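Only one structure is covered here, and it is reproduced in the block below.
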Amino acid sequence: MTPPRPGRWLGPWWSERQTDPDSPDFVPGGARDNVTHRTWTRLGTLASTECAVVDPRGLVAGPSGDWSVDWWIGADDRWHLPSRDVAVRQRLVGHAPVVETAMRVPGGDALHRAFAVATPEGPQVVIEIVNDTPVPFAVAVAIRPYTPAGPGRISTIDLESTTVVVDGEVALLLARPPARFAGASAATGDVVHTVTAGSAAESWAGPVHCGEGRASAALVYPLPHTATLRVALPLSRLASPPRRRRRTDGAGPASATGVRVTVPAASVEQVRRGWDRQVARALRVQVPDDRFTEVFEAARRHLLGLHAGEDVASWPVRAASWREIATVATALDRYGFHEEAGQLVATLPDRQALDGFAGSRDEGWSANGAALHAVGEHWRLTRDQLATGELIGPVAKAGHWIGKRWDGGRLRPRRPHGSLPAPTRTDLAWCIRGLWDAADAMAGVDQPEVAEDLCRFAAELAATLERGEPDTGDLHAAALGVLPGGVARIADVASLVRAQREAGRALLDADDRGLDPLVTLELATVELRLGDRRVLDRLAWLLEHASATVTWPSVVHPRTRGGSAGDGHDTMVTAQACSFLRRLLVDEVGTELRLCPIYPGRWLGRGVEVHDAPTAFGRFGFAVRWHGDRPALLWELDPHPGIDPPTLVAPALDPSWSSTELRGETLLAPVEPPGPPEPASASAEPPGTRADASDAAGPSSFS
């Protein structure tokens, strides 16, 4: 690697790739925003809305999304810059959202770790840099006016003893004062040139100002071999120290409570163990597939990290839509994180207008449908009478808002909510799903009249959805389990989507910006319901395209495999991926409880275990053991009170077997190795699929 050319700014990794003519990721004109490697990992604490992100090279961006913290290593040979060096790799520590970035330097590695911790003064992201070599090197901690998503802005940077202040707010807490200092603006050029030339000063010269928003600073430390440097990035606003009063005691700034804030002492191992304890109370699985296990374990920790009290975590912070809330809440419930899901569901009254509308104009009709779906799914998996009973009024209002604005089944509202557009077929799917689910919940808390109204509204919308020829827009309805017409229509929609949007094992996004993980997961869900083994191609794609830290962007660039649009750690993709992985092991369709509805060929002859899986019928667990080519099945269901036992089936292992016993063990028929995948027939029912599973006459439990 050569140092940046004089006068040229050092950019983040994505920018260096996009502006380098010799890079395969070069974008003519450079592109101001990240369109090739829009991938990052969200860092936050449980129940906190504030979070930061770290990019694939260790660049950490704060919650504002205006600036970031980079790291550079001065070794014996040269300065090593992660955004430009080749020998950089990244991983999670123990599946937890603790991101370790390793950069090769002479003698070993420079390790950068970033993780979030809770403190009395609010959540903070700890950044620690470890010298894992036998010789000392220098570390520069740099404040940069850009982020993993695109350009940022910094007007002023100041240093007050061990506190870095950016644009008047505390940005970074230092464990000790730096040895050398450098600051620069757009007029003086990038501070990286000062650092790499060895010209950093021995004292801080005062605030750095830049009217163009390109202020930058670097704080340089010597780091002996095996030593660790720690700094912290506060995620909540702290009071900045008084200007022009330099402290010499090394104390941090004062928090709102007057307590001095310092760099947290929590270690990587303590944080990892904390996340392990959190997920130990939820669904657990053992499968004979290392990559599946790695993705499953990390994704469920990321899923739990999405819970931000009464909201869903996002970077930069913004209000979540009901589709996001519902997708996250239902995934949390499916994994057994019922308390967290319940907190999200309970916000319906606070998010609802007086007329019953629960969303915004941008969300459209799907807001009410998604909200009702979240309530219904929480009831279905927990049978929580008290929590559901408190939502009777808001649920009735949300359902009647849909019913009152439906004009004889036509695709337009009778009384528009402001300038709310007419519902799309996706909106209809969400509304039908939500109305059916909420009706089930209302019946369960002894509200038959409300349930009857919701069922009537759902039937009217379903009749509209049934009209016309199969359309790619019906994929969402098929994935939600509300597409009328039975298996034949579902298979037709899946075939149409594959013909129009399939690109290899994934689907193109609607705007042709790249591959769409969310829509690919919807098709995978439909193929799983159909017993179509092409679902295993979608699974393989999902596992292969998870980042090194097990995140997925909103849209995947087909060449770089990084993000090309949207969120670099997409909330809905993470939640849907978790739901999909759970469905591959245990799934509900109507009155059936399906065990391993698809069994990958490489799992044959090798055991699977599922423990504490919340289902519509109660908490469930099972194990598959093998006797030659015959699987032995052991199971146990702890049923919800008053629930009829389901019919247990294992269509991929033995289509002829079923049971209604709550617990037992059996030896299934010999299993033939699967042949090449075959397309699902539109005229024949695939093995293990009930022809009436999506009948619009009533709700399906598949969602």
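Table for the structure above
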item	result
Filter result for the condition that a residue is out of contact with any Leu (no Cβ under 7 Å at 6 or more places or on another chain), more than 26 Å from residue 316 (Cα to Cα), modelled with pLDDT under 95 and in a helix (DSSP H, G or I), over 499, 488	488
Residues being within 19 Å of residue 100 (Cβ to Cβ) and small (Gly, Ala, Ser) - total across the range 266-296	3
From the options 91, 57, residue that is within 28 Å of residue 317 (Cα to Cα) and part of a strand (DSSP E or B)	91
Residues within the range 88-121 that are open to solvent by 50 Å² or more (accessible area, probe 1.4 Å) and farther than 30 Å from residue 49 by Cα, tallied	3
Condition broken by residue 164, with the remaining ones in (1) under 30 Å from residue 574 (Cβ atoms); (2) of a type outside the set (D, E, K, R); (3) not in a loop (DSSP other than H, G, I, E, B) satisfied	(1)
Hits in the range 532-560 (condition: outside any helix (DSSP H, G or I), of a type outside the set (Ser, Thr, Tyr) and in contact with a strand residue (DSSP E or B) (Cβ under 9 Å, 6 or more places away or on another chain))	548, 550, 552, 553, 555, 556, 557, 558
Residue that is charged (D, E, K, R), at pLDDT below 95, under 25 Å from residue 121 (Cα atoms) and open to solvent by 30 Å² or more (accessible area, probe 1.4 Å), where the choices are 260, 272, 281	260
Pairs where the first residue, in the range 42-61, is touching a residue at least 12 places away in the same chain (Cβ under 8 Å) and the second is among the basic types (Lys, Arg) and open to solvent by 10 Å² or more (accessible area, probe 1.4 Å), C-beta under 7 Å, 6+ apart	51/42; 53/42
Flag if residue 480 is open to solvent by 10 Å² or more (accessible area, probe 1.4 Å), free of Cβ contacts under 8 Å to residues at least 60 places away in the same chain and within 25 Å of residue 586 (Cα to Cα)	no
Elements of type helices (runs of 4 or more DSSP H) contained in the range 328-392, each with 3 or more residues being more than 28 Å from residue 586 (Cα to Cα) and open to solvent by 10 Å² or more (accessible area, probe 1.4 Å)	348-351
Count of residues meeting criterion [touching a Phe, Trp or Tyr at 6+ places or on another chain (Cβ under 6 Å) and surrounded by fewer than 17 Cβ atoms within 10 Å (Cβ to Cβ)] in the range 483-520	0
Evaluation of residue 319 against (1) closer than 26 Å to residue 124 by Cβ; (2) assigned to a helix (DSSP H, G or I); (3) open to solvent by 40 Å² or more (accessible area, probe 1.4 Å); (4) without any contact (Cβ under 8 Å) to a residue 60 or more places away in the chain (one fails), failing number	(2)
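The values are calculated or read from the model by the stated rules, or taken from the named source; none is laboratory data. Since the model is a prediction, treat every value here as computed from it, not as a measurement. Glycine also receives a Cβ, built like all others from the backbone with ideal geometry; neighbour counts cover every protein chain displayed. Calculation scope for accessible area: heavy atoms of the full protein, side chains included, ligands and nucleic acids excluded. Shrake-Rupley method; radii C 1.70, N 1.55, O 1.52, S 1.80 Å.
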